[in-house]
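The values are calculated or read from the model by the stated rules, or taken from the named source; none is laboratory data. Please read all numbers here as calculations on a predicted model, not as lab measurements. Cβ placement follows ideal geometry from the backbone for every residue including glycine, while neighbour counts extend to all protein chains displayed. Side chains are part of the model used for accessible areas, which takes the heavy atoms of the whole protein and leaves out ligands, DNA and RNA. Shrake-Rupley method; radii C 1.70, N 1.55, O 1.52, S 1.80 Å.
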Amino acid sequence: MPIQTRRSHDGQTLIIKIEGRFDFSTHQAFRDAYEHGGKDIRGYVVDLSEATYLDSSALGMLLLLRDYGGGDNAIIAIENCNNDVRKILTISNFEQLFTIR
Amino acid sequence: MDEPAAKSGPLNILIADDSDSDRLILKTLLRRLGHHVLDAANGHEAVALFGSGKPDIVLLDALMPAMDGMEAAREIKRLAGERLVPLIFITSLSEAEDLARCLEAGGDGFLSKPYNRVMIEAKINAFNRMRLMHQALSDQRDLMHERNRQLLEEQHVARRVFDNVAHTGCLDAPNIRYHASPLSVFSGDVLFASPRPAGGMLVFTGDFTGHGLPAAIGAMPVAEIFYGMASKGFDGSDILREINQKLVRILPKDMFCCGAMVEADFGQNQLKVWNGGLPDGWLVRSRTERFSVPSRYLPLGILNADQFNAEMETIRALPGDRLLLMTDGVLECSNEEGQLFGEKGVRLAFENVASGRHPFDTLLNGIQRFTGRQKFGDDLTLCCLEMVDQVGLTALPDGAAPSTLAGPAEWRCVYEIRDRTLGEFSPLPLLLHICMEVPGLRRKSGEIYTLLSELYNNALEHGVLELPSEWKYTPEGFGRYYSERATRLGRVNGHYIKFSFHHEPMQWGGRLGVVCEDSGQGFDFHNHPVLQSTEMEQSGPRYAGRGLVLLKRLAESIRFHEQGSRVEIVYDWYF
Amino acid sequence: MVDKPHLDEEALAELQDVMEDEFEMLIRTYLNDSQERIISLKGAMMDGDSGAFAKTAHSFKGSSINIGAPRLGELCREAEEAGKSDSLNEAPAVLEAIKSEFQRVTNALNALMARGAG
């Protein structure tokens, strides 16, 4: 499964984990993940520890998640990026919109 | 296609059998099942009837005189072409070898004698279902082909429109070199270049998310904004703000445009750059000296107007310095092993540059060697802008498309900006626009803009901010100048700049009077070397000196009042 | 080997059902064609043409089976075999058998029609 979701211990954060390529083919699955993640979600974490590749449509999907999660008020963190993924996020300056760790 | 075949209506069935009695039996049987029957007594007749009757199913006796069943079958299958017309051999042959020959001749099935009514009905129905399914598939395939062809054609047309928009402007200027994707590919990359009314250039490189038509569609409004504003004298930051706002409004949330804006001022030997999401740009001064222009901002189309930062970085750049911009297609070029060119490839390409070689060629060659293909870079955009000496006053062609509207002949106008607005807003495009209402002035937009621009910058920097222009011509002073400028603009209080216009028609054309007044201390124009001298001698590049030279050349007359904080010029135009 | 019947009553009944008004015409067509085939067989045998002999026998076999004359059909099959294996020396005997069986079939069919089938 390219996308897995789970909740944090306190149940308020939805953790979405992506395996393999994060590109246009993951579009629907990613959207389903956060749209059907359940109620009372305060924040999101996108776990990229097993993501091998990220392209501009993935950046677009992150923007959609941000919009869904409240836009400027959204709390979204992107975690465990490898170097290549990190580089892409850096060039796009996405740390201005997301917490990246 | 889900209906039982029996319900799908009567079929046309061709039967061929040399035995009259057998033929009669079969014909009657089929008719009772509700079908129309064509009957032939031998192979020749069968083929002829097939051609004229166009049956849906064929029942052929395997052994017949005068062109036997096999040959007739082959001929019939050939005539049927792509259509599936089930062909059933009627035979009392039982040898496997004989049956195999029937199949080889094109037979789809067998029917044996004696005729069994139930068996015949079942076979007819089964083969008819097969026939209908095949027909449906063929139709769908043909439909898909046609739709696909239409789509490709539409894309082609869209591509031509896109090309008129995407790679345009003064990209063919001698100081610009570029590589953009070829006709066959919608890459979503754009490259715009425009001269500015008072000289200098604006260049924009963009990379829209995605591919194909959706990616390309954002290019249209962006091109319009870019060229429209550039020709009116707006600067890079203004244009960026407009583009960003437009894209935020029209693009869906997950689409955006990575871009870089460059504002080149040849007169002042400087570049202003803004990079939001593109790979590092590179300023190449010489073989060893180069530095990067990294992306510092989010791409366009994401942040709202109040969060968007259009501040451009100012870099000193002399004639011969070259700025390279690229989209990520360059980094994503791959070789046969699937490795990416990447930033590493860019650095290596530069390191291997032979002296005197153009960095644009160097980089393209590097990419070509890496990918090992002649036809690389379907998806990459690369642009190189070279700093040159200020050339002439009007880079725009003098004949901008004339408006059919008539305009005001005699009018006055006063426009004043104060305090914080001085730092945040340039009145020049608006003032130019006002002057352009006069038809006779429209073809002089370059000169008018230059005049207004010199007056305004003079008033702002020397009058209000009191910045000595000498600072700009040393490396340390350069930085100091701009940081002081920013600081002083933040503190402007009680200051103003006021423009007064007056235009009247004359017998030979028209006369535009412009008065520019500022709240500053002024300067000693009585002893000004340039104003006093009759020669164009200049000791070192002095902005104020050069500015006033321009004003002298363009205007009919210049007069200074109030210690130079009030400048009055008269500009005449002729029919 | 059990001898096949001269007429297959069941098959004939079904034929009548299918052909309805045209039953009689069918029978007459068969009888006419069959006479021609017998003449053909004789001719081929005299010419020593085993290919033609086999073909005609094959055709005769088929229509006989369809019409519901199984024994005649079987005899025709034997004739076809003889033709295929180029053993026309066996032909005269089987041809005689065919002729006489055909006579039986003709009589039976005529009787059927007279009984009021047409």
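Observations on the model:
- A:Ile75 being among the β-branched types (Val, Ile, Thr), surrounded by fewer than 19 Cβ atoms within 10 Å (Cβ to Cβ) and at pLDDT 90 or above: yes
- Of all the criteria given as (1) part of a helix (DSSP H, G or I); (2) surrounded by fewer than 16 Cβ atoms within 10 Å (Cβ to Cβ); (3) within 21 Å of the chain's Cα centre (by Cα), the one not satisfied by B:Arg141 is (3).
- Any chance C:Glu20 is more than 10 Å from chain B (Cβ to nearest Cβ), in a helix (DSSP H, G or I) and acidic (Asp, Glu): no
- Per the listing B:Leu79, B:Leu49, B:Leu63, B:Leu33, the residue uniquely within 14 Å of chain C (Cβ to nearest Cβ), over 18 Å from B:Val118 (Cβ atoms) and of a type in the set (A, V, I, L, M, F, W, C) is B:Leu63.
- Test: residue in the range C:47-58 that is touching a residue at least 24 places away in the same chain (Cβ under 8 Å), open to solvent by 50 Å² or more (accessible area, probe 1.4 Å) and among the acidic types (Asp, Glu): no
- Residue within the range C:30-38 that is buried (at least 16 other Cβ atoms within 10 Å of the Cβ), in contact with a Pro (Cβ under 7 Å, 6 or more places away or on another chain) and at the interface with another protein chain (Cβ under 10 Å from one of its Cβ atoms) present: no
- Residues satisfying the stated conditions in the range B:249-286, i.e. in contact (Cβ under 8 Å) with a residue 40 or more places away in the chain, within 14 Å of another protein chain (Cβ to nearest Cβ) and not in a strand (DSSP E or B): B:Leu251, B:Asp254, B:Met255, B:Phe256, B:Gly277, B:Leu278, B:Pro279, B:Asp280
- Across the range A:75-85, not a single residue is classified as within 12 Å of another protein chain (Cβ to nearest Cβ) and in a strand (DSSP E or B).
Table: residues versus (1) in contact (Cβ under 8 Å) with a residue 12 or more places away in the chain; (2) in contact with a Lys or Arg (Cβ under 8 Å, 6 or more places away or on another chain); (3) of a type in the set (Gly, Ala, Ser).
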{"site": "A:Glu19", "(1), (2), (3)": "yes, no, no"}
{"site": "A:Ala29", "(1), (2), (3)": "yes, no, yes"}
{"site": "A:His36", "(1), (2), (3)": "no, no, no"}
{"site": "A:Gly71", "(1), (2), (3)": "no, no, yes"}
{"site": "A:Glu79", "(1), (2), (3)": "yes, yes, no"}
{"site": "A:Asp84", "(1), (2), (3)": "yes, no, no"}
{"site": "A:Ser92", "(1), (2), (3)": "yes, no, yes"}
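- Complete set of residues in the range C:66-84 that are facing chain B (nearest Cβ under 8 Å) and either polar (S, T, N, Q) or in contact with a Phe, Trp or Tyr (Cβ under 9 Å, 6 or more places away or on another chain) (or both): C:Asn66, C:Ile67
- Among residues that are among the small types (Gly, Ala, Ser) and either open to solvent by 60 Å² or more (accessible area, probe 1.4 Å) or at pLDDT below 80 (or both), B:Gly547 is included.
- Close pairs from the range B:204-230: first under 15 Å from B:Leu171 (Cβ atoms), partner among the basic types (Lys, Arg), Cβ under 8 Å, at least 6 apart: B:Ala230/B:Arg196
- Pairs are defined by a Cβ separation below 6 Å, a sequence spacing of at least 6 or placement on different chains, a first member in the range B:316-339 that is touching a residue at least 40 places away in the same chain (Cβ under 8 Å), and a second member that is charged (D, E, K, R) and surrounded by fewer than 23 Cβ atoms within 10 Å (Cβ to Cβ); the pairs so defined are B:Pro319/B:Asp389; B:Asp321/B:Arg285; B:Arg322/B:Glu386; B:Gly329/B:Asp379.
- Only listed residue being in contact with an Asp or Glu (Cβ under 6 Å, 6 or more places away or on another chain) and at pLDDT 90 or above, chosen from C:Ala79, C:Ala97, C:Ala57, C:Ala69: C:Ala57
- Sole residue being β-branched (Val, Ile, Thr), under 14 Å from B:Val165 (Cβ atoms) and open to solvent by less than 30 Å² (accessible area, probe 1.4 Å), chosen from B:Val262, B:Val222, B:Val203: B:Val222
- Within the range A:51-94, tally of residues that are in contact with a Leu (Cβ under 8 Å, 6 or more places away or on another chain) and small (Gly, Ala, Ser): 2
- Count of the range A:16-55 residues which are in contact with an Asp or Glu (Cβ under 8 Å, 6 or more places away or on another chain) and not in a strand (DSSP E or B): 3
- Single match in B:Glu311, B:Glu337, B:Glu332, B:Glu289 (criterion: among the acidic types (Asp, Glu), within 14 Å of another protein chain (Cβ to nearest Cβ) and farther than 23 Å from B:Glu424 by Cβ): B:Glu332
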